[in-house]
């Protein structure tokens with residue numbers, strides 16, 4: 001790690017993650033390299049290795065930030081309402097995920113690569129953000145669905161979080177994929193992130 005203030009280090013890391021995020025809007029995970037990321041930052045490519053050893057570590061930091069942002073939205077739901085019906089709760093959670101398409105994209109495409117090629121301490125930091133999202137969903141259920149038992153909440157978590165891995169592929173469909181589905185005579189109803197997530201949540205909540 002380079003010498004410098006914690007603020008400078010944090011700012012450099014943030015710039016690197018922002019550069020990765022910018023490239024990820026138009027490029028695939030496999031096509032993005034440290035060199036490509038370095039070209040978007042204000043410092044040399046080799047300087048990146050002072051902060052991240054692999055591109056997977058940079059993506060993991062982006063992934064962690066996405067979970068942090070989702071956690072902020074979940075906390076805002078919890079603190080912003082005294083009472084929510086199951087329908088309202090499902091809609092609020094679905095809406096929070098609809099604003100986190102990048103989180104869902106990372107979940108669907110690169111989770112194992114990022115975790116396998118990152119240092120343990122960075123993986124632990126990521127897992128804290130991931131684990132906090134589970135705890136926040138549990139807190140929402142405990143507050144707004146007090147009739148649910150701990151076993152029911154656990155079942156909810158272990159169905160909904162694996163379900164999240166499939167949201168992006170089912171909602172971010174390219175023109176090429178649509179045409180292939182059409183030619184294959186697959187009668188598929190395309191849904192938004194909000195719609196498909198709400199449909200899952202409302203069933204898990206038992207309404």
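Laboratory data are not the source of any read-out in this text; all were calculated from the coordinates shown. Treat the numbers as computed from the prediction; the structure is a model and nothing was measured. FYI the Cβ positions are ideal-geometry reconstructions off the backbone, even for glycines, and counts take in every protein chain you see.
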In segment 168-207, how does Rg compare with the Kirkwood Rh, expressed as the Rg/Rh ratio over alpha carbon atoms? 1.11
At a Förster distance of 22 Å, what's the computed FRET efficiency of residue 30 paired with residue 119, Cβ-Cβ distance as r, to 0.05? 0.55
Compute the distance in nm between two label points, each set 7 Å from the Cα along the Cα-to-Cβ direction, one at residue 187 and one at residue 152. 3.5
Between residue 172 and residue 75, the FRET efficiency computed from the C-beta separation at R0 = 35 Å comes out, to the nearest 0.05, as 0.85
Hey, what D do you get for segment 1-146 in µm²/s if you plug the Kirkwood alpha-carbon radius into Stokes-Einstein at 20 °C and 1.002 mPa s? 129
Expected unfolding gain across residue 7-residue 165 under the 0.36 nm per residue rule, minus the alpha-carbon gap, is 53.5 nm
Residue order, fewest to most beta carbons within 10 Å, for 68, 113, 175: 175, 68, 113
Expressed as a whole-number percentage, the relative contact order of the chain with C-alpha contacts under 8 angstrom and at least six residues apart is 24
Take the alpha-carbon centre of segment 145-196, take the same for segment 79-111, and report the distance between them in whole Å. 12
Ranked from fewest to most other Cβ atoms within 10 Å of their own Cβ, 85, 133 fall in the order 85, 133
Taking the number of other C-beta atoms within 10 Å as the exposure measure, put 132, 147 in order starting with the fewest. 147, 132
Gained length - residue 135 relative to residue 86, 0.36 nm times residue gap less alpha-carbon distance: 15.8 nm
